Amino acid sequence: PASGTDGSGRGDSDGKITLGFAQVGAESGWRTANTKSVQESAEKAGITLKFSDAQQKQENQIKAIRTFIQQKVDVIAFSPVVESGWDTVLREAKDAGIPVVLTDRAVDTKDPSLYKSFLGSDFVKEGRSAGEWLTAEYAKENGPVNIVELQGTTGSAPANDRKAGFAEVIKGDDKFKIVASQSGDFTRAKGKEVMQAFLKSHKDIDVLYAHNDDMALGAIQAIEAAGKKPGEDIKVISIDGIKDAFVAMNQGKINVVVECNPLLGDQLMDLVKKVAAGENVPTRVEVEEGVFTQDQAAEALPSRKY
Ligand code: GYE
């Protein structure tokens, strides 16, 4: 183990904590803001950061975690690309005595002792908020309301949960129909491509529900190219709250954005310090967020931090 002076075997010879962070990738504006937040907060907290970008591939993330274990970092944090398939590598970290903090995305495991804490958002709640906006918006109409859904990365916690939360709310009224639902992998390019296909096969789309802003922004290009008005002919619901989405909302092209806060860095470094010191931490720490509609967009825009 790294030589520590406190006898715990923790810390470099300079006493600094080393954190290995395995990031999902650089797929979205949310992710870019999240990466920056982690890097800046580590620096501020005096924590040595080993950063790896998995380019949205689980195998790359597993490799990065194994490298961190070999390097005997003090703490490992990662944002799991998908929910399943982590038990083996998490057990390796546990056997090596390295505490793990999950950031942003959760894992699906039967053994909760494999990580110390989860820091992130309630994605089911975000999906519900999206659904609640929709049911209120169409409360007085008979329907049918034809919805297309752009899902996030297949198998990821935010895609699974945002889909489930939304479905739970709209299922109470059968005028709401999800006529097509497909993954756009959380990127602008894919969001545009899949929306183009949706527009070709469905002539009567009323609503787009995108699991993140980047896919919504890509889809808006496709809607405009098809000669329709995003925000009017096709209502657009999105999640994240990046600046570009507020700009689009201000232009009337997005109707509502459910916020998901990527600025987790400071909270993460607090957790990292605590688990490195062997302190107990809550198994779940949530970030605060809100819902923004068009009438709030102009006022909120200048203060958006990501
Ligand atoms: O919504 C999306 C990003 O895991 C919450 O990942 C995150 C999601 C976010 O690519 O933009």
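Can you name the residue in segment 119-142 that is surrounded by fewer than 21 Cβ atoms within 10 Å (Cβ to Cβ) and within 13 Å of the ligand (Cβ to nearest atom) and is also nearest to PRO262 (Cα to Cα) among such residues?
This residue is ASP122.
When both residues are 6+ apart or on different chains and their Cβ atoms are under 6 Å apart, which pairs have a first residue that lies in segment 67-87 and is more than 12 Å from PRO99 (Cβ to Cβ), and a second that is in a strand (DSSP E or B) and acidic (Asp, Glu)?
From segment 67-87, the pairs are SER79/ASP104.
Give me the pairs, please: first residue somewhere in segment 15-35 and within 24 Å of PRO99 (Cβ to Cβ), second residue anywhere and within 9 Å of the ligand (Cβ to nearest atom) and part of a strand (DSSP E or B), beta-carbon distance under 7 Å, and either six or more positions apart or on two chains.
These pairs meet every condition: ASN34/ASP104.
On the given criteria, is SER238 closer than 20 Å to GLU137 by Cα, among the small types (Gly, Ala, Ser) and touching a residue at least 12 places away in the same chain (Cβ under 8 Å)?
yes
Can you confirm whether segment 100-114 contains a residue that is out of contact with any helix residue (DSSP H, G or I) (no Cβ under 9 Å at 6 or more places or on another chain), within 16 Å of the ligand (Cβ to nearest atom) and under 20 Å from LYS274 (Cα atoms)?
Yes, that holds for at least one residue.
How many residues, within segment 185-229, are of a type in the set (S, T, N, Q), within 23 Å of VAL258 (Cβ to Cβ) and more than 15 Å from the ligand (Cβ to nearest atom)?
1
Tell me, yes or no, whether segment 220-234 has at least one residue that is in contact with a strand residue (DSSP E or B) (Cβ under 9 Å, 6 or more places away or on another chain), at pLDDT 95 or above and within 30 Å of LEU102 (Cβ to Cβ).
no
State which residue is nearest to the ligand (Cβ to nearest atom) when the search covers only segment 150-169 and only residues that are under 12 Å from ALA130 (Cα atoms) and surrounded by fewer than 21 Cβ atoms within 10 Å (Cβ to Cβ).
LYS163
Checking the condition part of a helix (DSSP H, G or I) and among the small types (Gly, Ala, Ser), which residue from ALA93, ALA106 passes?
One residue alone meets the criteria, ALA93.
So which of VAL272, VAL281, VAL247 is among the hydrophobic types (A, V, I, L, M, F, W, C), in a helix (DSSP H, G or I), surrounded by fewer than 21 Cβ atoms within 10 Å (Cβ to Cβ) and away from the ligand (no atom under 16 Å from the Cβ)?
Every option except VAL247 fails the conditions.
Can you name every one of the helices (runs of 4 or more DSSP H) wholly within segment 119-229 that holds 1 or more residues which are among the β-branched types (Val, Ile, Thr) and touching a residue at least 40 places away in the same chain (Cβ under 8 Å)?
Output list reads 123-137, 157-170, 188-201.
The values are calculated or read from the model by the stated rules, or taken from the named source; none is laboratory data. Note that the structure is a prediction, hence the values are computed from the model and not measured. Cβ atoms come from the backbone with ideal geometry, glycine included; neighbour counts cover every protein chain shown.
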